[in-house]
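Notes to accompany the following structure.
The values are calculated or read from the model by the stated rules, or taken from the named source; none is laboratory data. Please read all numbers here as calculations on a predicted model, not as lab measurements. Don't worry about glycine lacking a Cβ; one is built from the backbone with ideal geometry, like all the others, and counts go over all protein chains shown.
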Amino acid sequence: MYNWLLWFHVISFISWFAVLFYLPRLFVYHVENSDNKGFVEVVKIQEMKLFKYIGVPAMWATLLSGAVLIYLGGWMSAPWLHVKLLFVLLLVINFYSMNFYRKQLLEDRCTKSGKFFRMYNEVPTLLMLVIVAMVVLKPF
């Protein structure tokens, strides 16, 4: 049972990261093509569907399966886990900040540039490096 749950957690994590990597890229396309109204309307739909129908369920599947794995593994006192959970919290904050920008873009109120969203797109990668290092290396 544990291995199946771990499998589900990894699949959920990968699905969530697909959204974390691709949604800011859509934001780049959105702001850099703001003069093309037809294109922007399509991108707005893609942004909404990606966030609501893939991102939110994948995030919750990742968090809930991770919580059960922590419970079953008895790792609550492991220092590496506390570091990992801190970075997971930062990842959740980053994810919901994407929704903040998505809503601004939906209402044509976002003043951020394509360059900003290119840099913003790197945040999940940096967080992922620490999260995966904590799990694999267990340095503490």
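Summary table
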quantity: Restricting the range 109-140 to residues that are surrounded by 12 or more Cβ atoms within 10 Å (Cβ to Cβ) and of a type in the set (Phe, Trp, Tyr), the residue that is nearest to the chain's Cα centre (by Cα); calculated: Tyr120
quantity: Residue tally, condition surrounded by 15 or more Cβ atoms within 10 Å (Cβ to Cβ) and within 17 Å of Gly114 (Cβ to Cβ), over the range 5-23; calculated: 2
quantity: Condition check for Val40: in contact with a Ser or Thr (Cβ under 8 Å, 6 or more places away or on another chain), free of Cβ contacts under 8 Å to residues at least 24 places away in the same chain and surrounded by 16 or more Cβ atoms within 10 Å (Cβ to Cβ); calculated: yes
quantity: Restricting the range 76-100 to residues that are aromatic (Phe, Trp, Tyr) and crowded, with 16+ Cβ neighbours inside 10 Å, the residue that is nearest to Tyr53 (Cα to Cα); calculated: Phe95
quantity: Those residues of the range 3-39 which are over 22 Å from Met59 (Cβ atoms) and not hydrophobic (A, V, I, L, M, F, W, C), in sequence order; calculated: Asn3, Tyr29, Glu32, Asn33, Ser34, Asp35, Asn36, Lys37, Gly38
quantity: Test result for Leu26, of a type outside the set (Gly, Ala, Ser), in a helix (DSSP H, G or I), surrounded by 14 or more Cβ atoms within 10 Å (Cβ to Cβ) and under 20 Å from the mean Cα position of the chain (by Cα); calculated: yes
quantity: Subset of the range 30-86 [of a type in the set (Ser, Thr, Tyr), over 30 Å from Leu105 (Cβ atoms) and modelled with pLDDT of 95 or more]; calculated: Ser65
quantity: Residue match in the range 12-22 (condition: closer than 23 Å to Asp108 by Cβ and not basic (Lys, Arg)); calculated: yes
quantity: Test: residue in the range 77-99 that is touching a Pro at 6+ places or on another chain (Cβ under 7 Å), closer than 21 Å to Phe140 by Cβ and not aliphatic (A, V, I, L, M); calculated: yes
